[in-house]
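Only one structure is covered here, and it is reproduced in the block below.
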Amino acid sequence: MVTRERTTERGFTLLEISVAMAIFGIFLYIIVMLTSEMKRNEKKYPVNFMEHPQVSAVMARMRRDVFDASYYPQEVGGFDQSGQVLIVATIHKDGTIESVVYDFKTPGEVHRRTFLGNVQQTEWIARGLPVFNWSPLDDGAHVGVEIKAYDGPSLAIDQIFFPRAKAAG
Amino acid sequence: MRRQRGFSLIEILFALLILSIVITTTIYMFGQRQRRMREANEVILAYQALSNEAELWRHVSFDSIDPTKEMSFKSTDFAIIAPLQPYATAVRVDQPNDKVRNVTLTIRWGDGGKREARLSIIRTNTGGGNLW
């Protein structure tokens, strides 16, 4: 004798699945819209300063050094003035002339070295930075510096500093 | 007799509702974070431009800062604030007394100029050509 078990199993109806899929589809659409808008915004504002927390420390030190600059030596301690090396002569707190060398040659790093004569006294290194360079800026009365830094292809820093007194170019 | 059944439509909808609330909240928080980071970056860019402008205004002679005339930014290079476009710049000069002139530099951008960064410098008449 063959017994036949009767079950009341049933899956979802087509209507149920359609409604659930429709809701999920709307939801996915919203997610895609939001993420694409975020990406558009990121492209518009590609510079991420939060990735470079040391920038403000570098800029603050550079601002003070240029502000105190009396002239810009061409060469100090084996470093030559160039777009990747900024040399300023400042007056040290004891009255002597101290040369400060900002070395941007290592990408992502800024080395600040101080010299008395040609003898290095200190070195301070900031890492995790955009790529720096500088150029002289003459407003007619003063020779200042324009510091630029690029975060990838984007201009992240563009700052001009002038010394408080007229410095030699 | 074994009676098995799947989830009802109500159960599925309720589960989807909870899921959507969780995901929407996450996306909203993520979006807020992105927006705040973007706004912080914008302020940094704006203050760089203002700082450069202030540096230029420190060097001009006291007499050339005329509170009766309409003044504009002296910078010619605005590449640093290009991501803020469209933006507007403004200079206001106040003269609280004969020997002092306050220069207020302003950049407005975003949502019809609702966002604003402002920097003021005080110039005093030292009798010379300029402060230096």
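Assuming a ≥ b ≥ c are the square roots of the Cα gyration tensor eigenvalues, decide whether the protein assembly as shown counts as rounded (a/c under 1.5), prolate (otherwise, with a/b larger than b/c) or oblate. The partial results should precede the final answer.
On the way: a/c = 4.68, a/b = 2.29, b/c = 2.05.
In terms of gyration-tensor shape, prolate.
Using the Cα centre as the reference, give the magnitude of the dipole from point charges on the C-beta atoms of the range B:9-124 (Lys, Arg: +1; Asp, Glu: -1; all else neutral), rounded to the nearest 20 debye.
It works out to roughly 140 debye.
Let me know the shape class of the range B:9-124, please: from the alpha-carbon gyration tensor, a ≥ b ≥ c as square roots of the eigenvalues, rounded when a/c is under 1.5, otherwise prolate if a/b is greater than b/c, or oblate.
Note, shape of the range B:9-124 comes out prolate.
Inside 10 Å of the C-beta atoms of A:153-163, what's the mean count of C-beta atoms belonging to other chains?
Rounded to a whole number, the mean comes out at 5.
What angle do you read, to the nearest 10 degrees and between 0 and 90, between the alpha-carbon axis of helix B:9-59 and the longest principal axis of chain B?
Roughly 10 degrees, rounded to the nearest 10.
Take the alpha-carbon centre of the range B:58-83, take the same for the range B:11-50, and report the distance between them in whole Å.
One Cα centre to the other: 37 Å.
On average, how many beta carbons from a partner chain sit within 10 Å of the beta carbon of a residue in B:14-22? Intermediate values should be presented prior to the final figure.
Details: counts 0, 1, 5, 1, 0, 3, 5, 0, 0.
Partner Cβ neighbours, averaged per residue: 2.
Can you put B:F62, A:F24 in order, fewest other beta carbons within 10 Å first? List each step's numbers first, then the result.
Numbers: B:F62 17, A:F24 14.
If I rank by nearby Cβ atoms, fewest first, I get A:F24, B:F62.
How many Cβ atoms of partner chains, on average, are near each residue of A:27-39 if near means within 10 Å of its Cβ? Each step should come with its number before you reach the end.
Working: counts 5, 0, 0, 4, 4, 0, 0, 6, 3, 0, 2, 6, 1.
Mean partner shielding for this stretch: 2.
Read the figures in this text as sums done on the coordinates, not as results from a lab. Just so we're clear, the structure is a prediction, and the values are computed from it rather than from any experiment. Every residue, glycine as well, gets a Cβ built from its backbone with ideal geometry; the counts of neighbours run over all protein chains shown.
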